[in-house]
Amino acid sequence: MRHASTYLPAAEIADSVRRGERAAVEVVEEHLATIAEREPEVHAFNALTDAQARMAAELIDRRVAAGEDPGPLAGVPVALKDNLCTAGVPTTCSSRILEGWLPPYDATVVTRLGLAGAIAIGKTNLDEFAMGSSTENSAFGPTHNPHDASRVPGGSSGGSAAAVAAGFAPLALGSDTGGSIRQPAALCGVVGVKPTYGRVSRYGLIAFASSLDQIGPLAPTVADAALLLEVVAGHDPLDSTSVPEPPPSLVAGLDDGVEGLRVGVVAELMGQGVAPDVRRRVEAAAEALAGAGAKVEETSVAALAYGLSAYYLIAPAEASSNLARYDGVRYGLRVDAPTTATMNVATRTAGFGPEVKRRIMLGTYALSAGYYDAYYGKAQKVRTLVIRDFAAAYESFDLLLSPTSPTTAFPLGAKAADPLSMYLSDVCTIPSNLAGDPAVSVPFGTGDDGLPVGVQILAPALAEATMLRAAAVLEDAMLDQAMARAEATP
Amino acid sequence: MSERITAEDVTHVAGLARLELSDDELERFTVQLAAVLDHAADVEALDTEGVAPTAHPLPLANVLRDDVARPGLERAEVLAAAPAVEADRFRVPPVLGPPA
Amino acid sequence: MSDWETVVGLEVHCELATATKLFCGCRNAFGDEPNTNVCPVCLGLPGSLPVLNRGAVELAVRLGLALGCRVEPSLFHRKNYFYPDMPKDYQVSQYDRPINVDGALELPDGTRVGIERAHLEEDTGKSTHVGGGGRIHEADHSLVDYNRAGVPLVEIVSRPDLRSAEQARAYVNELRAVLLATGASDARMEEGSLRVDANISVRPAGFSTFGTRCEVKNLNSTRSLGRAIDYEARRQIALLEAGEQVAQQTRHWDEADGRTHPLRSKEEAYDYRYFPEPDLVPLAPDDAWLGQVRAGLPPLPAERRRRLAEATGSVPAAVAVVVERGLDDLVLGALAAGGDGRRLVVHAEHDLAGGTGALDPEAFAALSRLEADGALTATQAKAVLAELVAGGGDPAAVAERLGFRALGGDELAGAVDAAIAANPDAWDRYLAGDAKVSGFFVGQVMRATRGQADGKAVTALLAQRAAATPG
Ligand SMILES: [Mg+2]
Ligand SMILES: [Zn+2]
């Protein structure tokens, strides 16, 4: 059953709530009803915060009644990836080691959402500590793709992507360390943005790999993703790596088109490993941009070929250090043992799943005496090359284009036994994280299997506005095609 | 099989990371880590002579805060999260084992 | 037996006197209730992030400049190892790019001790070991308080330029003086805000290569430091003389038994896996900032000692005490007001340990002049000084109120002769060369003159009388 406010644009919900035409409590109830219907099949959430959401909605309605403006996301339910700290609400990272932990503070993005009138509706499932590309590595069971429950939603923000795709919430926040927003967005047929590193405060985002992690929006449309990003972006004195620039204005210029923009299609990300049907969609997107007045050419960004290798040394290295604190001393799981050291071992061995252990081991190894230079040190230099080659490309192009994921959603369990094959599904998304540049995945039709395909638009640092304009053009092109099809159908 | 990493290496690394592996896991992890390191080895072929390492994608420096106190957390809340507490402190098993 | 030389380098960890911790706004305070100065950042809670304290950087730079270091662009690294008093299980510390490099500290005896680096890092929490008499090895369990976790430290690493326990103690005292002078730290060893580790080795005298060193920890006072160096040097020498080797080790000083003991290795060999801290950005104080900090630096102990010695012509030991007490400005002020430099220093060294109270430079100067002119004896001057400290006033007036006047030469001679006449046995002993009896006669004369005699003049007169006595 389709509920009145589900699948409505967030902006429209907020506008009607602010004008008093729609009650926030109704919006929340309608979304909770949708969740009640399909959540057992999808399993997007680790926890619903329905009680808090109802109270928050009431408060919004009271403020509207009192003539106040609760903000640009008034009454809009937002699903939060369960690695974002929410005061007094369990935050688990889908890990046994944090099960039951109640953060004593809110992440900066959560605070900003509250100030904008948004309503947190639940904490979404993820690959444990955001390590994965399928949301199968969750201690609490996998999330299923709303388009086909036998398929993965992608990951690690699979719960957030599935929640948006299933109409559980008009908006969701995810985190993206190597594609963890964009890849599930692509596989679930929604828009996902990885902002410039430092655009959105990481304060309260439970770290996976600190120099790569970035929070970003997932939404059904480019406009809603832009709206959510505007709300959460901006300098935060609590995050030393937060960029000092004022938050970007994104929604206002969204319809300005791509006339005259130079767009490069990245050869290195179109080759081996990319499924032919996915490649065809990217080519179609290139045509659509060209049709809207962009100058589109194929180009080479050579170092990107090495991005995956560098990433799978740097990210685990940082993770091995970031995850050391889960030692059974101060919070979370403790498995008792006779000494502190053996207690640490017992706790971590019981509390972490296999993928997390694998990455901790890989990262510990890459940093350890005798291997640092060959692995971590070398990867950092490759990172420099990736940045350098991107910079060179952006001398000739305003934007770059590629697939988001080499394939559409794959079946649950298909890659579980072979970590490397799973890692390869991040090949197109990783370079942006290494460079710290923004990228967006925008749905652009379907593959041969009828499942969503996302194309990725990459941009230089802080150029989110231009990037989202191009994404909006692709979105419009898809709408036009759909309308044309609808008209052609008798 | 790859020579990249041996079972002894994996055991040593597990010790550094405070993890314990079953025999089964040890075998599986050795193979899997070797595969990832083999793949990562393609960066070895790359000439990075004279290339500076990048630790961080941002060109920021000197991010500082003023030396002004801010309220912290309530002790009761902090200790409520702890697995074991005694005398308002976090209780842990002995830090070193009994004398050898 | 060959001669051995002890070689010592010190690593001093010192808590900076900031209002807040290094990476969060929690109070940096000693002695508060456990776990009350904590927040998500210094507890290492998931999702928390560090932000560097400008005040800590400034104090580190002050110290660096005071030690003559170059202040360089620096970087924080993570030092990874598991320990329950370290909330994140890594310590954020400066590794290969420290903020201060290549300085020196000049000791009161003129020795220059090289400073390799003085870098910023965060402190750990504090563990209490319960059961087993509080000893870590025998404890039943441990309790952790994170109030200290994240407090800013500078680690000051000296070059191995020290050659004795005494010199090592002098180094720590001098470093404390610099820390106090710059306001960088309150440098209290007893509260743990200053902690010293010693790298100790020995080598045959005259050799330039270094022997194998041991790092000795748990030195909680300069006394322990001295004892530990002496013990450890003897231990190493004994090993080498027995034809054995010194093993490179970390050793623990046991104050109770006066020995060092090897620390049990902590489960696994250390491999700290240093890598750049990705949650922080580089630190590069610009010239304007450095200039500002440099301009705000007070004169440092070595410079103050030099200035005082030059101005007063006093001996280094006396000058060192006066500077250590912070009385050099008073002395120099009194000197400028016409005081007698040497006498001012003597009083500052011996008679002002309890403070200067109401004493002002002019009165101090006037007092030293009365003494220099012979109007007051040293003993009388001391008494007047005590009055000036207690209540101020004009020294001449105070002396008069106390009934002090210097005895005339004849009066004094008369008193000495009277004392000799009244104590013939003692005089015989004096003549026989028993020097101790001199003190007895001075006492007698003092009593007879109600303290108005000058002890030195009495001693001189006694010697004169003895020389004049036929043998
Ligand atoms: Mg240190
Ligand atoms: Zn704190």
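Here is how the numbers come out for the structure above:
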quantity: Any pair with Cβ under 6 angstrom, 6 or more apart, that starts in the range B:50-61 at a residue that is under 13 Å from A:Val382 (Cβ atoms) and within 7 Å of chain A (Cβ to nearest Cβ) and ends at one that is of a type in the set (S, T, N, Q) and buried (at least 16 other Cβ atoms within 10 Å of the Cβ); calculated: B:Val51/A:Thr384; B:Ala52/A:Thr384; B:Pro53/A:Gln380; B:Thr54/A:Gln380; B:Thr54/A:Thr384
quantity: Helices (runs of 4 or more DSSP H) contained in the range C:353-468 and holding at least 1 residues more than 30 Å from C:Val322 (Cα to Cα) and polar (S, T, N, Q); calculated: C:436-448, C:455-468
quantity: Scan of the range B:9-60 for residues that are modelled with pLDDT of 90 or more and closer than 30 Å to A:His235 by Cα, ordered by number; calculated: B:Ala52, B:Pro53, B:Thr54, B:Leu60
quantity: Test: residue in the range A:66-83 that is among the β-branched types (Val, Ile, Thr) and without any contact (Cβ under 8 Å) to a residue 40 or more places away in the chain; calculated: no
quantity: Verdict on C:Pro34 being within 16 Å of ligand 2 (Cβ to nearest atom) and in contact (Cβ under 8 Å) with a residue 12 or more places away in the chain; calculated: yes
quantity: Test for C:Pro50: is it without any contact (Cβ under 8 Å) to a residue 12 or more places away in the chain, assigned to a loop (DSSP other than H, G, I, E, B) and more than 16 Å from ligand 1 (Cβ to nearest atom); calculated: no
quantity: Qualifying position, being within 10 Å of chain B (Cβ to nearest Cβ) and within 16 Å of ligand 2 (Cβ to nearest atom), among C:Asn80, C:Asn53; calculated: C:Asn53
quantity: Residue within the range A:57-72 that is closer than 20 Å to A:Ser210 by Cβ and in contact with a helix residue (DSSP H, G or I) (Cβ under 7 Å, 6 or more places away or on another chain) present; calculated: no
quantity: Subset tally (residues that are open to solvent by 40 Å² or more (accessible area, probe 1.4 Å) and modelled with pLDDT under 95) for the range B:63-96; calculated: 0
quantity: Number of the condition not met by B:Val43 [criteria: (1) among the β-branched types (Val, Ile, Thr); (2) surrounded by fewer than 16 Cβ atoms within 10 Å (Cβ to Cβ); (3) within 7 Å of chain A (Cβ to nearest Cβ)]; calculated: (2)
quantity: Subset of the range C:106-120 [within 16 Å of C:Arg176 (Cα to Cα) and within 16 Å of ligand 1 (Cβ to nearest atom)]; calculated: C:Ile115, C:Ala118
quantity: Only one of C:Tyr90, C:Tyr81 that is within 16 Å of ligand 1 (Cβ to nearest atom), surrounded by fewer than 22 Cβ atoms within 10 Å (Cβ to Cβ) and in the same structural domain as C:Leu162 (by TED's automatic domain parsing); calculated: C:Tyr81
quantity: Total residues in the range C:69-105, condition under 14 Å from C:Glu174 (Cα atoms) and touching an Asp or Glu at 6+ places or on another chain (Cβ under 8 Å); calculated: 1
quantity: Residue check, C:Ser142 touching a strand residue (DSSP E or B) at 6+ places or on another chain (Cβ under 6 Å) and open to solvent by 10 Å² or more (accessible area, probe 1.4 Å); calculated: no
quantity: Leading residue by the ranking (farthest from the other protein chains (Cβ to nearest Cβ)) among those in the range C:104-138 that are acidic (Asp, Glu) and part of a strand (DSSP E or B); calculated: C:Glu106
quantity: Test: residue in the range A:366-375 that is within 8 Å of chain B (Cβ to nearest Cβ) and open to solvent by less than 20 Å² (accessible area, probe 1.4 Å); calculated: yes
quantity: Matching residues, the range B:10-40, being more than 7 Å from chain A (Cβ to nearest Cβ), open to solvent by 20 Å² or more (accessible area, probe 1.4 Å) and over 19 Å from A:Ala315 (Cβ atoms); calculated: B:Thr11, B:His12, B:Gly15, B:Leu21, B:Ser22, B:Asp23, B:Asp24, B:Glu25, B:Leu26, B:Glu27, B:Arg28, B:Val31
quantity: Condition check for C:Arg62: touching a strand residue (DSSP E or B) at 6+ places or on another chain (Cβ under 8 Å) and assigned by TED's automatic domain parsing to the domain that holds C:Arg176; calculated: no
quantity: Residue under evaluation A:Lys381, criteria (1) out of contact with any strand residue (DSSP E or B) (no Cβ under 6 Å at 6 or more places or on another chain); (2) open to solvent by 20 Å² or more (accessible area, probe 1.4 Å); (3) more than 7 Å from chain B (Cβ to nearest Cβ), criterion not met; calculated: (3)
quantity: Matching strands (runs of 3 or more DSSP E) fully within the range A:137-247 where at least 1 residues are within 14 Å of chain C (Cβ to nearest Cβ); calculated: A:171-176, A:214-219
quantity: Residue selected from the range C:8-20 under the condition more than 16 Å from ligand 1 (Cβ to nearest atom) and surrounded by 24 or more Cβ atoms within 10 Å (Cβ to Cβ), by the criterion nearest to the other protein chains (Cβ to nearest Cβ); calculated: C:Thr20
quantity: Residue that is modelled with pLDDT of 95 or more and either within 14 Å of another protein chain (Cβ to nearest Cβ) or surrounded by fewer than 21 Cβ atoms within 10 Å (Cβ to Cβ) (or both), where the choices are A:Leu32, A:Leu73; calculated: A:Leu32
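The values are calculated or read from the model by the stated rules, or taken from the named source; none is laboratory data. This is a predicted model, so every value here is computed, not measured. Heads up, the Cβs are rebuilt from the backbone with ideal geometry, glycines too, and the neighbour counts pull from every protein chain shown. Ligands, DNA and RNA are excluded from the accessible area calculation, which covers all protein heavy atoms including side chains. Shrake-Rupley method; radii C 1.70, N 1.55, O 1.52, S 1.80 Å.
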